[in-house]
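Notes to accompany the following structure.
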Amino acid sequence: MQTVNTLGTLREAVEILRQSGPVALVPTMGALHEGHLTLVREAQKRAAHVVVSIFVNPRQFGPNEDLDAYPRQMAQDTRLLEAEGTALLWAPDVAEMYPEGFATNVSVSGVSEGLCGASRPGHFDGVATVVGKLFNQVRPDLALFGEKDWQQLAVIRRMARDLDLTFPHVDAIIGVPTVREADGLAKSSRNQYLSPEDRQAAAALPAAMHRAIAALVGGEAAGTALAALQSDLRAAGFHTVDYAELVDAASLQPLAAPGTAPARLVVAARIGTTRLIDNMPVG
Ligand code: PAF
């Protein structure tokens with residue numbers, strides 16, 4: 001695996017790869033776990049070459065968020081990616097990604113606004129800006145993202161469609177199903193912040209979501225099913241539920257009940273000092 005840190009060397013390396021087949025991009029912020037490696041494996045099935053980016057993007061962290069504390073483990077990440085047969089690692093520093101004078105912000109209205117966007121102002125602008133740059137830098141044939149960040153995936157798809165980013169084509173932005181621990185908790189770099197007690201209690205999140213989905217599919221009103229979900233989470237030790245909503249899977253608009261269009265149950269809740277998010281299809 002070749003590691004590149006400057007845009008010039010990235011472009012040269014990608015052009016060489018492209019001569020022998022399609023290139024897939026897996027954007028990450030490092031601290032790689034099984035969820036990321038699943039994206040890399042899925043990318044390998046769909047393209048001749050896999051480029052992984054590791055960049056802890058300051059623009060998607062709010063002033064009170066954990067940018068400095070965000071785990072950075074480049075040596076271990078490099079070993080993991082090498083073992084997976086990754087062709088190229090794109091690991092720019094902040095000055096390479098946002099050179100002096102950088103003044104552009106990509107803001108996707110609508111899908112960015114509710115849910116995580118409400119409690120993390122500016123977060124999705126930061127995501128859209130860096131992912132737009134990554135698409136332009138690598139010009140991949142396809143790109144893969146985890147479905148765990150369902151709203152992020154919706155924002156990226158909207159941004160690619162709106163800005164005519166045909167590399168990848170919007171249909172080549174692939175959402176890969178969430179990888180879960182044995183007890184159902186979605187894998188996340190943030191799980192390592194959980195105390196052992198909170199880690200055990202956190203399994204209540206997917207369990208409560210499954211109960212709510214069964215109730216919704218069984219015809220219970222969304223208000224009742226979501227209230228029960230919130231009280232299940234509080235009983236398990238979650239002190240705050242930022243949101244628990246039934247939404248249209250594409251527009252993220254709230255729904256009163258699952259209908260014919262794909263629907264999603266989306267939740268963000270806090271336990272200890274950690275905010276966990278999860279989402280599941282309904283119906
Ligand atoms: O999901 C992430 O790890 C990040 O939000 C992404 C897509 C790599 C952009 O920084």
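The values are calculated or read from the model by the stated rules, or taken from the named source; none is laboratory data. From a predicted model like this one, the values you see are computed outputs, not experimental measurements. Reconstructed Cβ throughout: ideal geometry from the backbone, glycine too, with neighbour counts over all protein chains shown. To get the accessible areas, we keep the full protein, side chains included, count just its heavy atoms, and leave off ligands, DNA and RNA. Shrake-Rupley method; radii C 1.70, N 1.55, O 1.52, S 1.80 Å.
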- Message: Leaving out ligands and nucleic acids, and using a 1.4 Å probe, what accessible area per residue does the chain come to in Å²?
- Response: 44 Å²
- The relative contact order of region 73-151, taking Cα pairs under 8 Å that sit 6 or more residues apart, comes to a percentage of 27 percent
- Message: Given contacts defined as C-alpha pairs under 8 Å and at least six residues apart, what's the relative contact order of region 190-239, whole-number percent?
- Response: 44 percent
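Keeping the other protein chains in place, figure out the carbon and sulfur percent of the accessible area of region 206-268, with a 1.4 Å probe. Provide the component values of the computation, followed by the final result.
Numbers: 1670 of 2830 Å².
With neighbouring chains kept in place, the figure for region 206-268 is 59 percent.
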- Note on the structure: Length gained if A83 through N191 is fully extended, taking 0.36 nm per residue and subtracting the Cα-Cα distance, is 36.5 nm
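Students sometimes get this wrong: rank D278, D68, D93 by accessible area, probe 1.4 Å, all chains present, largest first. Don't skip to the answer; put the middle values down first.
Numbers: D278 5, D68 145, D93 95 Å².
Ranked list, largest accessible area first: D68, D93, D278.
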- Query: Relative to the longest principal Cα axis of the chain, at what angle does helix 74-83 sit, 0 to 90 degrees, rounded to 10?
  - Reply: 80 degrees
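Working out 0.36 nm times the residue gap between A75 and D162, then minus their Cα-Cα distance, what length gain in nm do you get to one decimal? Working shown, then result.
Numbers: separation 87, 0.36 × 87 = 31.32 nm, distance 3.69 nm.
Stretched out fully, the A75 to D162 stretch lengthens by 27.6 nm.
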- Label point at N136 placed 7 Å out along Cα→Cβ; residues across region 77-104 whose backbone nitrogen lies under 20 Å: 90-104
- Task: Provide Rg and Dmax in Å for the chain, with only Cα atoms included in the calculation.
- Result: 19.1, 56
- Quickly estimate the mean residue ellipticity at 222 nm for the chain, helices only: each DSSP H run with n ≥ 4 gives -39500 (n - 2.57), and the total goes over all residues, rounded to 500. -11500 deg cm²/dmol
- Quick calc: nm separation of the 7 Å Cα→Cβ label points for E12 and A227 -> 6.5 nm
- Query: In the full protein assembly as shown, how much of W90 is accessible to a 1.4 Å probe, in Å² to the nearest 10?
  - Reply: 0 Å²
- Task: Taking the chain as the reference, fit the longest principal axis to its C-alpha atoms, fit the long axis of helix 222-236 to the helix C-alpha atoms, and give the angle between the two in degrees, 0 to 90, nearest 10.
- Result: 80 degrees
- Describe numerically, in nm with one decimal, the distance between label points set 7 Å from Cα along Cα→Cβ at S119 and at R41. 3.1 nm
- Counting alpha carbon pairs within less than 8 Å and at least 6 residues apart, what relative contact order, in whole percent, applies to the chain? 16 percent
- Taking only Cα atoms, what is the 0 to 90° angle, nearest 10, from helix 150-162's long axis to the longest principal axis of the chain? 50 degrees
- Query: Of S107, S189, which has the most accessible area with a 1.4 Å probe, and how do the rest follow in descending order?
  - Reply: S107, S189
- Message: Testing the spin-label approximation: label points 7 Å from Cα along Cα→Cβ at N5 and E96. State their distance in nm.
- Response: 0.7 nm
